[in-house]
């Protein structure tokens with residue numbers, strides 16, 4: 001029980017920072033969110049290898065279920081991050097200060113329209129969605145069809 005509590009505490013803190021970031025849109029909360037996400041995966045790695053060293057408390061944990069929970073958390077985090085990036089880009093795209101019309105009447109977006117940080121976050125979330133998303137969805141479908149992990 002205590003091992004499960006140790007495992008879920010960083011994820012609860014992570015979800016707390018995600019909610020605070022959604023409400024306030026503060027960059028400090030976003031940085032704290034990614035730091036706690038990294039810490040949660042470090043804790044998962046440590047918890048995963050406890051049974052390998054012969055400690056008995058780790059044998060009570062269903063690691064397939066925990067891995068599914070972590071992959072779902074990471075997948076949903078990546079989806080939420082992409083939604084925020086797209087909404088910020090769309091909001092800036094609608095602002096007339098960020099574009100002009102060329103002589104053909106087409107909208108031309110100014111350089112610096114998207115920050116480097118947003119571009120890096122967008123590019124880093126693509127592999128998460130492409131690799132972890134299908135694992136999460138596949139395990140969920142397997143659970144729905146078979147009723148077991």
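Filtering region 93-121 to residues that are assigned to a helix (DSSP H, G or I) and at pLDDT 85 or above leaves only 97.
Here residue 51 meets each of (1) in the same structural domain as residue 143 (by TED's automatic domain parsing); (2) surrounded by 14 or more Cβ atoms within 10 Å (Cβ to Cβ); (3) modelled with pLDDT under 85 with one exception, condition (1).
Okay, residues lined up against (1) under 16 Å from residue 85 (Cα atoms); (2) in a helix (DSSP H, G or I); (3) modelled with pLDDT under 75:
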position: 6; (1), (2), (3): no, yes, yes
position: 14; (1), (2), (3): no, yes, no
position: 20; (1), (2), (3): no, yes, no
position: 30; (1), (2), (3): yes, yes, no
position: 33; (1), (2), (3): yes, yes, no
position: 39; (1), (2), (3): no, yes, no
position: 42; (1), (2), (3): no, yes, no
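From the list 130, 124, 140, 145, pick out the single residue that is within 30 Å of residue 63 (Cβ to Cβ), modelled with pLDDT under 85 and either out of contact with any helix residue (DSSP H, G or I) (no Cβ under 7 Å at 6 or more places or on another chain) or exposed (fewer than 10 other Cβ atoms within 10 Å of the Cβ) (or both). Within the list 130, 124, 140, 145, the selection yields 124.
The values are calculated or read from the model by the stated rules, or taken from the named source; none is laboratory data. Here the structure is a predicted model, which means the values were calculated and not measured. Virtual Cβ from ideal backbone geometry, glycine too; neighbours counted across all protein chains shown.
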